[in-house]
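Have a look at the structure below before the remarks.
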Amino acid sequence: MPNVRPLRFLARLGLNSTARRYDTGVASLAAPAEDTFALFEELEALGVDGGAEKDGFLFAYPSYEAAAHGVAAFRRLGAPVAPEGVLAASALAELEPTLGPAARAGFLVERQWSLDPGRFVDSLAERLRRDGAELVEGARVTAVREGAGRVEVRTTAGTYGADQVVVAAGVWSREICRSLGVDIDLAPGRAVRRGLGPSAGRV
């Protein structure tokens, strides 16, 4: 029997691919991140070092019109776009000299950070170990069971008990949640951007 799940996913994707649903979705994703900077500053105060660069994200576009469209979209979301708005190629080059000639316009979103992921995770792990946390690496979670006010996590390295468990396993979260009797509608995907590719600059 053919697998109809991808077809069902694509059908729902098509029905929801509207400007209104896009804006609603982006706003919903942005809401949980509102306190992110304050939380990272708390971690920094505890000695967790991710090598944060805090001078904003620079977005580059092949035309003024495309950049203006981007500025408008970011401002609708309440993003802190720099007051000067759309920047000409010369202003972009001053901010990021490595940009090529295809970057003809762009804008800066202020108060945005970037981290070195490996450095951040290693620093966080070191801090957690100092605080007495046990980190189990190289183990695969095979199932999660819930009962009697406790959660049991079964792994290839043994079984662990906890009061609460956060399932954060990407697309594999679906299989783990199934062991709890929960079927989440999750499918792997990959985003592709056209034009200049990923946003250029200090990101």
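The values are calculated or read from the model by the stated rules, or taken from the named source; none is laboratory data. Since this is a predicted model, take the numbers as computed values, not measurements. Please note: Cβ atoms are built from the backbone with ideal geometry, for glycine as well, and neighbour counts cover all protein chains shown. What goes into the accessible areas is simple: the full protein's heavy atoms, side chains included, and nothing from ligands, DNA or RNA. Shrake-Rupley method; radii C 1.70, N 1.55, O 1.52, S 1.80 Å.
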*Right, LEU92: touching a strand residue (DSSP E or B) at 6+ places or on another chain (Cβ under 8 Å) and either open to solvent by 60 Å² or more (accessible area, probe 1.4 Å) or not aromatic (Phe, Trp, Tyr) (or both) or not?*
yes
Restricted to the stretch 71-88 and to residues being in contact with a strand residue (DSSP E or B) (Cβ under 7 Å, 6 or more places away or on another chain) and open to solvent by 40 Å² or more (accessible area, probe 1.4 Å), the residue modelled with the highest pLDDT is ALA88
Taking the stretch 42-61 and keeping only residues that are within 17 Å of VAL109 (Cα to Cα), part of a loop (DSSP other than H, G, I, E, B) and open to solvent by 40 Å² or more (accessible area, probe 1.4 Å), one is left with LYS54, ASP55
Counting only strands (runs of 3 or more DSSP E) wholly inside the stretch 113-203, the ones holding at least 1 residues that are modelled with pLDDT of 90 or more and among the aromatic types (Phe, Trp, Tyr) are 158-162
- For the stretch 144-156, does any single residue satisfy the condition of being surrounded by 10 or more Cβ atoms within 10 Å (Cβ to Cβ) and among the small types (Gly, Ala, Ser)? no
Reported set for the stretch 95-124 where residues are open to solvent by 70 Å² or more (accessible area, probe 1.4 Å) and either at negative phi or of a type in the set (Asp, Glu) (or both) is PRO97, THR98, PRO101, ARG104, ASP116, PRO117, ARG119, VAL121, ASP122
Inset, instruction - Please verify whether the stretch 30-41 includes one or more residues that are surrounded by 13 or more Cβ atoms within 10 Å (Cβ to Cβ), under 24 Å from ARG129 (Cα atoms) and among the hydrophobic types (A, V, I, L, M, F, W, C). - result: yes
